[in-house]
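These notes are about the structure you will find just below.
The values are calculated or read from the model by the stated rules, or taken from the named source; none is laboratory data. Just so you know, these numbers come straight off a predicted model, no measurement behind them. When we count neighbours, we look across all protein chains shown, and the Cβ atoms used for this are built from the backbone with ideal geometry, even at glycine. These area figures cover heavy atoms from the full protein model, side chains too; ligands, DNA and RNA do not enter into them. Shrake-Rupley method; radii C 1.70, N 1.55, O 1.52, S 1.80 Å.
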Amino acid sequence: MTILLTTKTRGAFGDYRMAASLPIYRIFAVFISAFNMLLLIPDLMNISGQSVWLLIAVRVVYSAVVLSSLFWIVRLETFFTRSILTSVLEVIAVIIFLFVFRLYPQADFLIQMMGVMAIILVTFIVPNIWIISVGISVLAAAGFLLLAKMSISELGPNYFYAGMVYLAFEIVVGAAYSLSFLRYQYREFVAKTELERIYSTDPLTKIGNRLKLEEEANKWLAFCEKDNQPLCLALLDVDNLKQINDNHGHLVGDTVLYETAQILRSKLRKKDICVRWGGDEFILLLPCMSVDQAHKLAMEIKDEITSYEFSARLDISCSFGITQMQRGQSLEQLIAQADASMYLAKAHGKNTIEVGVEVSS
């Protein structure tokens, strides 16, 4: 299965991998930092002289850096930046391994090969960009084999070529596992995304529902209040929909609602939210838009609806109520104000727009 991602989907899939990989990263960060310090025991048993203090410093600094990455990683905003951090730490681990291997006066080929195999195993288990994991694994294996050939004089060709085969086999298996797991994650991501879409989509109009509004409103109300940006909410009601249902049937009324929703969606910006609020009511959440801009948008939508040739061959209009967020207001308060404005528009003859009616709390 080939994974083809658009820019938007790639970002969403990256966010999904970010959340899924964080517990794994934390576990391995603690494990690697502790294991790195434990390796000082065989190091001190085999290495002497001035190099000991340098080796101790390298081990301690690396373990400290890996542990401190636990605090950095939650601040990283994309999976790509987290991959950069992961890759840098893995490359440093390979360099340290090769550096220590070079210091051993009588290195055992098989024991050291187990060490590089452990590095390759961790490289494929810790979530990363697939091609980078493969590249680091090949780098570790090639560096080890090259140093082993140069520094272990009694290394026979049988051991060397057997080690090469074992390392190549591990890289192939690890790459296959990593790619298989990536595809599994992608299928899980697609299923989860589709379930969320169904859960937050109105089945008739194919736009958002109340759950979608609540989810987006929490984000945008906080953002606009924090950055001192305006935010408007418009509530519109399809005029005389009950009479349309009574006189022409509910299928005709459903068609009117669907086509109205498509008109609304075509007039909005990418960040605007359009949801079906009730039977014949829609809500537009308009972040970073002033009340004058929202009124102008409502006029454009109103004119588009009245001039649109609906498939039911009926004249359709809508009444609008608009309100602008004040500091500290909740979504419920905004909806109540817009609803009051909309009912005032109904009272004024329908197919009109009213702005900012105050309601008692």
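Looking at segment 174-207, the trypsin sites (Lys or Arg not before Pro) that sit in a DSSP loop and have at most 13 other Cβ atoms within 10 Å of their own Cβ are Lys206. For the chain, with all protein chains in place and a probe radius of 1.4 Å, 63% of the accessible heavy-atom surface sits on carbon or sulfur. Seen from every direction in turn and averaged, the convex hull around the alpha carbons of segment 192-320 projects onto 8.1 nm². Using DSSP to call loops (not H, G, I, E or B), can you name the trypsin sites (Lys or Arg not before Pro) in segment 293-361 whose Cβ has at most 15 other Cβ atoms within 10 angstrom? Counting only loop positions with at most 15 other Cβ atoms within 10 Å, the trypsin sites (Lys or Arg not before Pro) in segment 293-361 are Arg313, Arg327, Lys350. Close amide-amide hydrogen proximity is noted between Gly208 and Asp202, Cys274, Arg276, each under 5 Å apart and 5 or more residues distant or on a separate chain (H modeled in the peptide plane; Pro and chain starts excluded). A dipole drawn for segment 83-214 from +1 and -1 charges on Cβ atoms has a positive end, and of Gly208, Ala191, Ile92 the residue lying farthest that way is Gly208.
Taking one quarter of the surface of the C-alpha convex hull of the chain gives a mean projected area of 24.4 nm². The 3J(HN,Hα) values that the Karplus relation (6.51, -1.76, 1.60; θ = phi - 60°) gives for segment 324-341 are, in residue order, 10, 5, 9, 4, x, 6, 9, 4, 4, 5, 5, 5, 4, 5, 5, 5, 5, 5 Hz. Gly and Pro appear as x.
Under conditions of 4 °C and 1.567 mPa s, segment 20-71 yields 110 µm² s⁻¹ as its translational diffusion coefficient, taking Rh as the Kirkwood radius over Cα pairs in the Stokes-Einstein equation.
One-quarter of the Cα convex hull surface for segment 261-342, in nm²?
On the way: hull surface 22.8 nm².
Averaged projected area of segment 261-342's Cα convex hull equals 5.7 nm².
Cβ-Cβ distance of Val172 and Ser48, R₀ of 35 Å, FRET efficiency by 1/(1 + (r/R0)^6): the value works out to about 0.35. Just going by the charge dipole of the chain, with Lys and Arg at +1 and Asp and Glu at -1 on Cβ, which of Gly163, Gly49, Ile119 is farthest out on the positive end? Result: Gly49. Evaluating kT/(6 pi eta Rh) at 37 °C and 0.692 mPa s, with the Kirkwood radius of segment 221-263 over Cα pairs in the Stokes-Einstein relation, gives 256 µm² s⁻¹. Measuring between alpha carbons in the structure, the pairs from Lys242/Lys346; Lys271/Lys302; Lys270/Lys346; Lys206/Lys296; Lys212/Lys350; Lys206/Lys270 lying more than 23 angstrom apart are Lys270/Lys346; Lys206/Lys296; Lys212/Lys350. The charge dipole of segment 1-152, taken about its Cα centre with unit charges on the Cβ of Lys, Arg, Asp and Glu (plus for the first two, minus for the last two), comes to roughly 300 debye. Taking amide H as placed 1.01 Å from N in the peptide plane, Cys318 has its amide H under 5 Å from the amide H of Asp239, Asn351, each at least 5 places away in sequence or on another chain. Volume per residue for segment 3-94 equals 100 cubic angstrom (convex hull of Cα atoms). Loop-located GluC sites (Glu not before Pro) across segment 260-361 with a Cβ neighbour count of 10 or fewer within 10 Å are Glu309, Glu358, with loop assigned by DSSP. Here the label points at Leu155 and Ile27, each 7 Å from Cα along the C-beta direction, are separated by 3.3 nm in the simple model. Note that segment 251-258 has calculated 3J(HN,Hα) couplings of 5, 5, x, 5, 5, 4, 4, 4 Hz, one per residue in order, obtained from phi through the Karplus relation 6.51 cos²θ - 1.76 cosθ + 1.60 (θ = phi - 60°); glycine and proline are x. Say we join alpha carbon atoms closer than 10 Å with springs in a Gaussian network model of the chain; which of Gly349, Gly143, Gly163 then has the biggest fluctuation? Largest GNM mean-square fluctuation: Gly349.
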